Amino acid sequence: PKEIFLKDYKLPDYYFDTVDLKFSLGEEKTIVYSKITVLPRVEGACSPLTLNGQDLKLVSIKVNNKELKKEDYHVDSRHLILTSPPSGTFTLEIVTDIYPQKNTSLEGLYKSSGNFCTQCEAEGFRKITFFQDRPDIMAKYTCRIEGDKTLYPVLLSNGNLIEQGDIEGGKHYALWEDPFKKPCYLFALVAGQLESRDDTFLTRSGRTVSLRIWTPAQDIPKTVHAMYSLKAAMKWDEDVFGLEYDLDLFNIVAVPDFNMGAMENKSLNIFNSKLVLASPETASDADYAAILGVIGHEYFHNWTGNRVTCRDWFQLSLKEGLTVFRDQEFSSDMGSRTVKRIADVSRLRNYQFPQDAGPMAHPVRPHSYIKMDNFYTGKFFNGKVYEKGAEVVRMYKTLLGSRGFRKGMDLYFKRHDGQAVTCEDFFAAMRDANDADFSNFLLWYSQAGTPLVKVTSSYDAKAQTYSLKFSQEVPPTPGQSVKEPMFIPVALGLLDSKGKDIPLTSFYHEGMLQSVPSNGQPVYTTVLQVKKQKEEEFVFSDISERPIPSLLRSYSAPIRLDSDLTDSDLFFLLAHDSDEFNRWEAGQILARKLMLSLVADFQKNKPLVLNPKFVHGLKSILSDSSLEKEFIAKAMTLPGEGEIMDMMVVADPDAVHAVRSFIKKQLASELKEELLRTVKSNRSSEQYVFNHPNMARRALKNIALAYLTSLEDPEFTELALHEYKSATNMTEQFAALAAIAQNPGKVRDDVLADFYSKWEHDFLVVNKWFALQAMSDISGNVENVRNLLKHPAFDLRNPNKVYSLIGGFCGSPVNFHSKDGSGYKFLGELVVQLDKINPQVASRMVSAFSRWRRYDETRQSLAKAQLDLIMSANGLSENVFEIASKSLA
Ligand code: HT7
Ligand code: ZN
C-alpha cells in the first residue's frame with residue numbers, strides 16, 4: 001500500500017468549477033452521470049488530469065461533448081487518467097455504473113435498511129464517480145436523483161430543492177442545487193421511505209430556516225430531543241460566535257448502518273440512528289447528552305469545516321479539533337462545565353494518552369498516512385486529531401481569553417470563508433487578531449507524544465516568596481526521537497492555609513517582573529507560559545505563608561504533570577480548591593497513587609489494606625450537601641484500569657483489576673450507610689426530564705447502587721432488583737441491570753433474559769444489552785461473547801453491533817488480555833472476517849492490539865501471533881494493514 005506524505009502536497013493542476021450529477025437509482029445497479037467544468041490552474045498548461053476511482057465501472061467518457069478516444073485516457077483499479085486534456089476550460093462528462101446493494105463497506109453510496117445513503121469523507125466519493133477526490137477541489141454542485149416512486153418516495157441531496165416531478169416507469173425525480181462551493185467529501189444523497197419531524201428556526205437576522213429530521217415513520221416520536229438539540233446549537237452558535245445558518249433548509253437523516261457517529265454533509269447531515277433516536281424509556285442520560293453534543297458538533301461544522309475547509313487531509317484537526325472544542329463548549333454551557341471537563345479529560349487520559357505512548361503515536365497533524373480513515377475518532381477509537389486537537393484550540397483560548405479567542409475566530413472567517421486552508425492559517429488568524437507572541441506554539445501540531453512537566457516548589461518564609469520551578473520533556477515517539485520544548489499554558493492558583501485563594505498580582509520570571517492582567521477585580525488564577533526544557537522559575541512575592549498550589553487548573557494543557565505535592569496537600573486540595581476540576585483531580589491523583597501501591601502489594605502477595613484517609617476523603621465528599629451531585633458521582637469514580645496500567649512499566653491487567661475491585665468493595669462496605677441513603681434519597685419521583693439537576697441526581701444514585709451491589713449481599717441485590725423493576729426510565733433501569741450483572745449467578749441470568757424480552761424489538765436497546773455482557777469482567781467471558789455472535793439479533797455487517805459486542809469485549813482488560821490468549825484469538829479471528837465486510841470497522845477493532853508490547857512476555861507472544869496471522873490474511877485491506885503493520889513495527 002502507498003503511504004502519502006504531507007511534505008509531498010502539491011496544488012492541483014486543475015480546478016473544478018461546477019459539478020452536475022445525475023443518479024439513476026436501480027435495484028441491481030445505479031448509473032451515475034457527472035458533468036464537470038474543468039479549469040486548468042495555469043492557463044495553457046495541459047498536463048494529464050488524474051481522477052480517483054474505486055469499485056467503479058466506466059461506461060463512457062466525453063470531453064467537450066465528444067466521446068474520448070481510447071488512446072487519450074487510461075483506467076486502472078484506482079484511477080482514470082486523461083493523458084492529454086485540452087488546454088483551457090473544458091467540460092468532462094463521465095458515466096459510471098456502481099453497485100450500492102453490494103457495498104458493505106458503508107463508504108460511497110450504499111443501502112441501509114432499504115434506503116440509499118452516502119458517506120464520502122474522507123475518500124469515499126471516488127466510490128461514486130471518477131473525481132479529483134481531495135478537499136481543495138471546491139465546486140458548486142447540482143444533483144438530480146431519479147428513482148422508483150414507491151420504493152424511494154423521499155429524494156434528498158445538498159442545498160435547495162429546485163425542481164421535482166414524475167417521470168415514466170413509476171419513477172420520479174428531484175433536482176437539488178447547492179449554492180455554496182464545497183469539497184466532494186461533503187456531498188450527500190439519501191433516497192428511501194422516510195418521514196420527517198418538521199420545525200423552524202428564526203435566525204438572528206430574521207430568516208426562517210426549515211428544519212427536518214428524517215427517520216422511518218415509527219421512529220419519529222423519538223426525534224424530539226434531536227430537534228431540541230439542533231435548535232439549541234443554532235442559537236448557541238449565533239450567541240457565542242455570531243455564526244448564523246446560511247441556507248433556508250437543514251436536513252438530518254438517521255440511518256441504522258453507519259461507520260461513525262455522524263457526518264456534516266452540507267445541509268444534509270447523516271447520522272447513526274444511535275445519535276438521533278431517544279425516548280426516556282429507551283435512551284439513557286448518556287445517550288441524551290451524546291445526542292446533544294453530536295448534533296451540535298455536526299451543525300457547528302457548517303462554519304468550521306464546510307464554509308472554511310481543509311486544504312488536505314493532514315489538516316483534519318483544523319476542522320475536527322476546532323469543532324470538537326466548539327461542541328465541548330456548547331455542552332458545557334448547556335450543563336455543568338466542570339463535569340463536562342472531567343468527562344473530556346478522562347476520555348483523553350483513558351484513550352488518547354495510551355495511543356500517544358504507543359506505536360500508533362502521531363502528531364495532531366500527521367506527517368503521513370496510508371488510509372485517512374484510521375485518523376478519525378470513533379466510538380472505540382479516540383484520536384489525537386480530534387481530542388488533542390480540541391485541547392490545542394482550548395489552549396489558544398486559555399492564552400488569549402474569551403474575547404481574544406473570538407477576535408481570532410472572526411478574523412479566521414473573514415480571511416478564509418470559501419477556502420480550503422491549513423492549521424497555520426488558523427494559527428495566524430489567532431496571532432494576528434491579538435498581536436500575540438506565540439513563539440513555538442505550532443509544535444503542538446507537529447510533535448507527537450504527551451509532554452511530561454515536572455514542577456517543584458519552595459517557600460522562603462523570610463523573603464515571603466514562593467517559587468515554582470518547571471522543567472519539561474516530550475517523550476520520543478515513532479519517527480521523532482528528539483523533541484523541542486513546547487509552549488505550555490499552566491493555569492495556576494495559590495491557596496492559603498484556610499483553603500482560600502490568594503489574590504495574585506505579579507510574579508518574577510527570568511528576572512523580569514510580570515504583572516497579572518486584571519480588570520480591577522482581584523485575580524485568583526493566572527496563566528504561566530512554560531516554554532523551556534530546562535528549569536524555568538516563577539517567583540511570587542508578598543506571600544505571607546506557605547501556599548498550596550493548585551496547578552494546571554481546568555486542565556489548561558494536555559500534559560502529564562508530576563509535582564511535589566504531598567498526600568496531605570492533595571487531601572487539602574480535594575477539600576478546598578475553588579477550581580472544581582482540580583478538586584476532582586486531587587482525588588484522582590490520590591486514587592492513582594493508592595491503586596499503584598496496592599498493585600505492587602498484590603504482585604508481592606501482600607494483603608491489601610485500604611488507606612483510611614482515602615475512605616474518609618470520599619466519605620466527606622459523599623456527605624457534602626453543598627457539592628453538585630454529578631461532581632460527587634465523578635469524584636466517587638475510581639480511575640479506569642487502562643489509566644493505571646498505563647502508569648506501570650509492565651501492564652498487569654489481573655493485578656489492576658483485582659485492586660480496583662478490592663477498593664470498590666472496601667469503599668462500599670465502609671460507606672454502606674451513606675450509599676444506601678444516597679440511593680434512597682435520589683430516586684425519581686417525577687417524569688423523566690433531561691436537565692442537569694435530574695441527570696446529576698440519577699448519576700449519583702446509580703453509582704451508589706453500583707457500589708452497594710458489588711458487595712454481593714442479598715440485601716443489596718434485592719435493592720438493585722427493586723430499582724430495576726420500578727425504574728421509569730432507561731438511565732435507572734440499565735444502571736440497575738449493570739449493577740446486578742457485575743455478579744455471576746442466577747439473578748444475573750434472569751434479569752438479563754428479562755431485559756432482552758422487554759426490549760428485543762428495539763435494536764438500539766439490544767445493542768446496550770450486547771455491550772453490557774461483552775464488557776463484563778466475569779471470568780472466561782469470551783465464551784459468552786462467542787455465543788452472542790450467534791444470537792439472532794447480532795449481525796457482523798452492522799457497525800453498532802460490532803462496536804457493542806466485539807469492541808465492548810476489548811474494553812474489559814481482564815478478559816481481552818486473558819493469559820490463555822483466548823481474548824486475542826477471538827479478536828484475531830474476527831478482524832480477518834470483518835475485514836472482508838467492512839475494512840473501516842475492522843481496522844478500529846484491530847487497534848485493540850496496538851499496545852501489545854506493554855504486557856508480559858507470554859501475552860506479548862500471544863498477541864503478536866494474532867497480529868502476524870492478520871498480516872498474512874489474503875486480500876488484507878489498507879485500513880487493517882496500516883494499523884497492524886504499525887503495531888508490529
Ligand atoms: N467528519 C465526520 C467524519 C466521518 C467519517 C470519517 C471516516 C469514515 C466514516 C466517517 N463518517 C463520518 C464526522 C465528524 O467528525 O463530524
Ligand atoms: Zn467532526
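Quickly run through region 743-783 and pick out the residues that are more than 21 Å from Asn798 (Cα to Cα), aromatic (Phe, Trp, Tyr) and in contact (Cβ under 8 Å) with a residue 60 or more places away in the chain.
If the condition is that a residue be more than 21 Å from Asn798 (Cα to Cα), aromatic (Phe, Trp, Tyr) and in contact (Cβ under 8 Å) with a residue 60 or more places away in the chain, then no residue fits.
Test Arg683 against the criterion of being in a helix (DSSP H, G or I), within 30 Å of Leu627 (Cα to Cα) and either at pLDDT below 95 or of a type in the set (D, E, K, R) (or both), and give yes or no.
no
Pick out the one residue from Leu39, Leu92, Leu51, Leu106 that is part of a loop (DSSP other than H, G, I, E, B), of a type in the set (A, V, I, L, M, F, W, C), under 40 Å from the mean Cα position of the chain (by Cα) and assigned by TED's automatic domain parsing to the domain that holds Thr142.
So the residue among Leu39, Leu92, Leu51, Leu106 that is part of a loop (DSSP other than H, G, I, E, B), of a type in the set (A, V, I, L, M, F, W, C), under 40 Å from the mean Cα position of the chain (by Cα) and assigned by TED's automatic domain parsing to the domain that holds Thr142 is Leu106.
Give region 273-308 a look and list any residue that's of a type outside the set (Lys, Arg), outside any helix (DSSP H, G or I) and within 15 Å of ligand 1 (Cβ to nearest atom), or say none.
Correct list: Val276, His301, Asn302, Trp303, Thr304, Gly305, Asn306, Val308.
Scan region 322-361 for residues that are closer than 23 Å to Pro476 by Cα and within 16 Å of ligand 1 (Cβ to nearest atom) and jot them down.
Arg347, Tyr351, Gln352 - these are the residues of region 322-361 that are closer than 23 Å to Pro476 by Cα and within 16 Å of ligand 1 (Cβ to nearest atom).
If I ask for residues that are touching a residue at least 24 places away in the same chain (Cβ under 8 Å), under 30 Å from Leu495 (Cβ atoms) and part of a loop (DSSP other than H, G, I, E, B), which ones from region 437-462 would you list? Quick ask: steps written out before the conclusion?
So in region 437-462, the residues touching a residue at least 24 places away in the same chain (Cβ under 8 Å) come out as 438-441, 443-457, 459, 461.
Next, from what is left, pick out any that are under 30 Å from Leu495 (Cβ atoms): 441, 444, 450-457, 459, 461.
Once the filter is applied, which keeps residues that are touching a residue at least 24 places away in the same chain (Cβ under 8 Å), under 30 Å from Leu495 (Cβ atoms) and part of a loop (DSSP other than H, G, I, E, B), region 437-462 yields Thr450, Pro451, Ala461.
Report every pair of residues separated by at least 6 positions or lying on different chains whose Cβ atoms are under 9 Å apart, first residue within region 612-625 and within 16 Å of His576 (Cβ to Cβ), second exposed (fewer than 13 other Cβ atoms within 10 Å of the Cβ) and not hydrophobic (A, V, I, L, M, F, W, C).
Within 9 Å, the pairs are Lys613/Ser568.
Check Phe300 against each of (1) modelled with pLDDT under 95; (2) within 16 Å of ligand 2 (Cβ to nearest atom); (3) more than 19 Å from Phe441 (Cα to Cα); (4) surrounded by 21 or more Cβ atoms within 10 Å (Cβ to Cβ) and name the one condition it does not meet.
Checking Phe300 against (1) modelled with pLDDT under 95; (2) within 16 Å of ligand 2 (Cβ to nearest atom); (3) more than 19 Å from Phe441 (Cα to Cα); (4) surrounded by 21 or more Cβ atoms within 10 Å (Cβ to Cβ), the one that fails is (1).
All but one of (1) touching a helix residue (DSSP H, G or I) at 6+ places or on another chain (Cβ under 8 Å); (2) free of Cβ contacts under 8 Å to residues at least 12 places away in the same chain hold for Leu711, so report the exception by its number.
Answer for Leu711: the failing condition is (2).
Residues in region 476-497: is at least one aromatic (Phe, Trp, Tyr) and surrounded by fewer than 17 Cβ atoms within 10 Å (Cβ to Cβ)?
no
Restricting attention to region 865-889, which residues are under 19 Å from Gly811 (Cα atoms) and either surrounded by fewer than 20 Cβ atoms within 10 Å (Cβ to Cβ) or over 24 Å from the mean Cα position of the chain (by Cα) (or both)?
Gln866, Leu867 - these are the residues of region 865-889 that are under 19 Å from Gly811 (Cα atoms) and either surrounded by fewer than 20 Cβ atoms within 10 Å (Cβ to Cβ) or over 24 Å from the mean Cα position of the chain (by Cα) (or both).
Does Glu121 qualify as being not in a loop (DSSP other than H, G, I, E, B) and not hydrophobic (A, V, I, L, M, F, W, C)?
No; evaluated as a whole, the condition is false for this residue.
Take Tyr33 and tell me if it is over 29 Å from Leu156 (Cα atoms) and of a type in the set (Phe, Trp, Tyr).
Considered against the rule, which asks whether it is over 29 Å from Leu156 (Cα atoms) and of a type in the set (Phe, Trp, Tyr), Tyr33 comes out as no.
Out of Phe734, Phe716, which single residue is over 32 Å from the mean Cα position of the chain (by Cα), assigned to a helix (DSSP H, G or I) and not acidic (Asp, Glu)?
Exactly one residue qualifies, and that residue is Phe716.
Tally up the residues in region 532-558 that are surrounded by 17 or more Cβ atoms within 10 Å (Cβ to Cβ) and assigned to a loop (DSSP other than H, G, I, E, B), please.
So the first thing to find is which residues in region 532-558 are surrounded by 17 or more Cβ atoms within 10 Å (Cβ to Cβ), and the list is 536, 538-540, 543, 547-558.
In the following step, the residues that additionally are assigned to a loop (DSSP other than H, G, I, E, B) were identified as 543, 547, 552-558.
The total comes to 9.
Only one residue in Asn800, Asn787 is under 30 Å from Leu869 (Cβ atoms), over 29 Å from the mean Cα position of the chain (by Cα) and not in a loop (DSSP other than H, G, I, E, B), so which one is that?
Asn787
Name the one entry in Asp333, Asp327, Asp356 that is at pLDDT 95 or above, more than 30 Å from Phe187 (Cβ to Cβ) and among the acidic types (Asp, Glu). Spell out the reasoning first.
Details: Asp327 fails: more than 30 Å from Phe187 (Cβ to Cβ); Asp356 fails: at pLDDT 95 or above.
Going through Asp333, Asp327, Asp356 in turn, just one is at pLDDT 95 or above, more than 30 Å from Phe187 (Cβ to Cβ) and among the acidic types (Asp, Glu): Asp333.
Which residue pairs have Cβ atoms closer than 7 Å, lie 6 or more positions apart in sequence or on different chains, and pair a first residue in region 255-266 that is in a loop (DSSP other than H, G, I, E, B) with a second residue that is near ligand 1 (Cβ under 6 Å from one of its atoms) and at pLDDT below 95?
Met260/Tyr376
The values are calculated or read from the model by the stated rules, or taken from the named source; none is laboratory data. Remember, it's a predicted structure, so these values are computed and weren't measured experimentally. Because the Cβ atoms are built from the backbone with ideal geometry, glycine has one as well, and the counts that use them run over all protein chains shown.
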